[in-house]
Amino acid sequence: GQLPTWLQGILLRNGPGMHTIGDTKYNHWFDGLALLHSFTFKNGEVYYRSKYLRSDTYNCNIEANRIVVSEFGTMAYPDPCKNIFAKAFSYLSHTIPQFTDNCLINIMRTGDDFYATSETNFIRKINPQTLETLDKVDYNKYVAVNVATSHPHYDSAGNVLNMGTSIVDKGKTKYILFKIPPSVPGSKKEKKNSCFKNLEVVCSIPSRSLLHPSYYHSFGITENYIVFIEQPFKLDIVKMATAYIRGVNWASCLAYNKEEKTWFHFVDKKTKKEVSTKFYTDAMVLFHHINAYEEDGHIIFDIIAYTDNSLYDMFYLRNLTEDFEENNKLTSIPTCKRFVVPLQYDKDAEVGSNLVTLPSTATAVKEKDGSIYCQPEILCEGIELPRINYDYNGKKYKYVFATEVQWSPVPTKIAKFNVQTKEMLHWGEDHCWPSEPIFVPSPDAREEDDGIVLTCVVMSDPKEAPFLLVLDAKTFKELGRATVDVEMHLDLHGMFIPEKDLKFDTE
């Protein structure tokens, strides 16, 4: 096919790549060693490269020829030959775990720099052109967080906004929203990590429970507010601190309490204060926010939610057998939900009345105690890994680009969904497993879907070669594909970096 001539830059993707080291195997697919891969578009041609992230974790494991660093689903133990004192000491030192720097989930941009990220306090700087691994940055040196999301947001001034959890710090557990400015001008020497040195805590939200903070994978943002959902899918800190001694993995310290509520928090970006009204809905599990915006005194946010946490369990490697697709069925299908939350409402409204004044089937009902119980409008079912035209982030929008997953967790198609008309377009072919679709706007875009969609497609038939697929975002028709004659891994997330943003410092 033909690629648009304006498409110049790099599609950079990240995901778990190596699951066996020596005689040892990870328990979970999300534990594999991070493998970066990229497609570089230059004058109508596409170049592919891939490289393992040379994290400390990677280096230690490869050197020992076995897994020696624990991951979320795999607890690793030190060399049994060490003496008994060293062993006792290492048990004690695992209470607040020294997390891995195997950053395998996403790519984050700060200023001119790019980082591989996961959900621990470590991120790794990378060179997007060569995929070389550079500095290791520990968030904890700049802000008191033990874990952070791998789905930050970016504002028009070039700041990165992200959230992390501070576990039992000074007797409190809280969720911290922080802002990383783009690099600060100055001498080269001062420039190193200057954006992190100028990191600012925007606000903190106390956890409803000291020892059971909520797990979260992403958050939402509108023009004036941060949207954070505290879900009853929680981490048990005491279990986590004793996991090593008990010989279990950290994933087993996560529990979903379906009797509990899910709480919505809205933080005003200007005042840095949380909206005082208590908004909640029923128990749910969510990983991905799609978008959020404000309209007539309401916050509208779209998320993909589940009724249980079966998704994570599916990806234990013991379940990933040849007949995986037939045998593994999600017990909860991903559902795209829209919540409409009235921030401004009549304080004298009757108990039991619906406070939503916009045309929507979503409701927000006033309870006796003044809290507001929200029920969503169901937009569609069966989509995951949602992406939007990021120019519309925090604004009223129409389109979601996503992978389509039915009862099996492996995506078989990609979809374009119109949240306003509920129309859906698909692309799919037999034996194709596409990855998260990334929208790239065309340079002279007038409409939200003027541009293309990029996805990497892995074949379930090993005899067939994987490829990069380029679709016209408007019609969802194929413009072209670039076949890659290597074994490509199923990845998680990534970003497109336009050529003009590749100012790479060779230092």
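The values are calculated or read from the model by the stated rules, or taken from the named source; none is laboratory data. In this text, all values refer to a predicted model and were calculated from it rather than measured experimentally. Glycine also receives a Cβ, built like all others from the backbone with ideal geometry; neighbour counts cover every protein chain displayed. Heads up: the accessible areas ignore ligands, DNA and RNA and are worked out on the full protein's heavy atoms, side chains in. Shrake-Rupley method; radii C 1.70, N 1.55, O 1.52, S 1.80 Å.
Model label points for Glu259 and Val202, set 7 angstrom from Cα along the Cα-to-Cβ axis, are 3.6 nm apart. Residue by residue, segment 364-377 carries 3J(HN,Hα) couplings of 9, 9, 6, 9, 4, 7, x, 6, 10, 9, 9, 10, x, 8 Hz when phi is fed to the Karplus relation 6.51 cos²θ - 1.76 cosθ + 1.60 (θ = phi - 60°); x denotes Gly or Pro.
Among the listed pairs Lys125/Lys398; Lys25/Lys477; Lys125/Lys174; Lys192/Lys278; Lys273/Lys398; Lys42/Lys270, those with a Cα-Cα distance over 32 Å are Lys125/Lys398; Lys25/Lys477; Lys192/Lys278; Lys42/Lys270.
Around the amide H of Val168, modelled in the peptide plane, lie the amide H atoms of Thr173, Lys174, all under 5 Å away and 5 or more residues distant in sequence or on another chain.
Full extension of the chain between Ser371 and Thr5 yields a length gain of 126.4 nm, computed as 0.36 nm times the residue separation minus the alpha carbon distance. Highest mean packing first, where packing is the average number of other Cβ atoms within 10 Å per residue, the peptides 105-111, 437-443 line up as 105-111, 437-443. Fully extending the segment from Ala64 to Lys42 would add 3.9 nm, taking 0.36 nm per residue of separation and subtracting the current Cα-Cα distance.
Taking 0.36 nm per residue of sequence separation and removing the Cα-Cα distance, the Lys500/Thr421 pair yields an extension gain of 24.9 nm. With the simple model of a label 7 Å out from the Cα in the direction of the Cβ, Asp461 to Thr271 spans 6.1 nm. One quarter of the convex hull surface built on the alpha carbon atoms of the chain amounts to 24.9 nm², the projected area averaged over directions. A simple spin-label model places pseudo-atoms 7 Å from Cα toward Cβ; at Ile333 and Glu223 they are separated by 3.6 nm.
Taking Thr5, Thr20, Thr307 and ordering them by how much accessible surface each has at a 1.4 Å probe, largest first, produces Thr5, Thr307, Thr20. Ordering Gly428, Pro376, His493 by the projection of their Cα atoms onto the charge dipole of the chain, which places +1 on the Cβ of Lys and Arg and -1 on the Cβ of Asp and Glu, puts His493 at the extreme positive end.
Here's how it looks for Leu134: its modeled amide H is under 5 Å from those of Lys125, Ile126, Asn127, which are all 5 or more places away or on a different chain.
Summarising the amide proton neighbourhood of Ala76: residues at separation of 5 or more, or on other chains, whose placed amide H is nearer than 5 Å comprise Ser70, Glu71.
Remark: segment 326-427 projects, on average over all directions, an area of 8.4 nm² (convex hull of Cα atoms).
With kT/(6 pi eta Rh) evaluated at 20 °C and eta = 1.002 mPa s, and Rh the Kirkwood radius from Cα pairs, segment 351-507 diffuses with a coefficient of 119 µm²/s according to Stokes-Einstein. Per-residue 3J(HN,Hα) values for segment 135-142, derived from phi via the Karplus relation 6.51 cos²θ - 1.76 cosθ + 1.60 with θ = phi - 60°, read 4, 9, 10, 10, 3, 4, 6, 10 Hz in sequence order (x marks Gly and Pro). Expressed as a whole percent, the accessible area of the chain that falls on carbon and sulfur atoms is 51 (1.4 Å probe). Ranked by the mean number of other Cβ atoms within 10 Å per residue, highest first, peptides 172-178, 11-17 order as 11-17, 172-178.
Here the chain is assigned +1 on the Cβ of each Lys and Arg and -1 on the Cβ of each Asp and Glu. Its dipole about the Cα centre then comes out at about 1680 debye.
With no solvent and one point per C-alpha, what does the Debye sum give as log10 I(q)/I(0) for segment 104-258 at q = 0.17 Å⁻¹? Here log10 of I(q) over I(0) equals -1.04. Mean residue ellipticity, 222 nm, helices only, the chain: the sum of -39500 (n - 2.57) across DSSP H runs of n ≥ 4, divided by residue count and rounded to 500, is -2000 deg cm²/dmol. Computed from the C-beta positions of Thr24 and Thr130 and an R0 of 35 Å, the FRET efficiency is 0.75 to the nearest 0.05. Summing +1 for each Lys or Arg and -1 for each Asp or Glu among the other residues whose beta-carbon sits under 9 angstrom from that of Asp450 gives -2.
Based on protein heavy atoms only, segment 9-501 ends up with 43 Å² per residue of surface accessible to a 1.4 Å probe.
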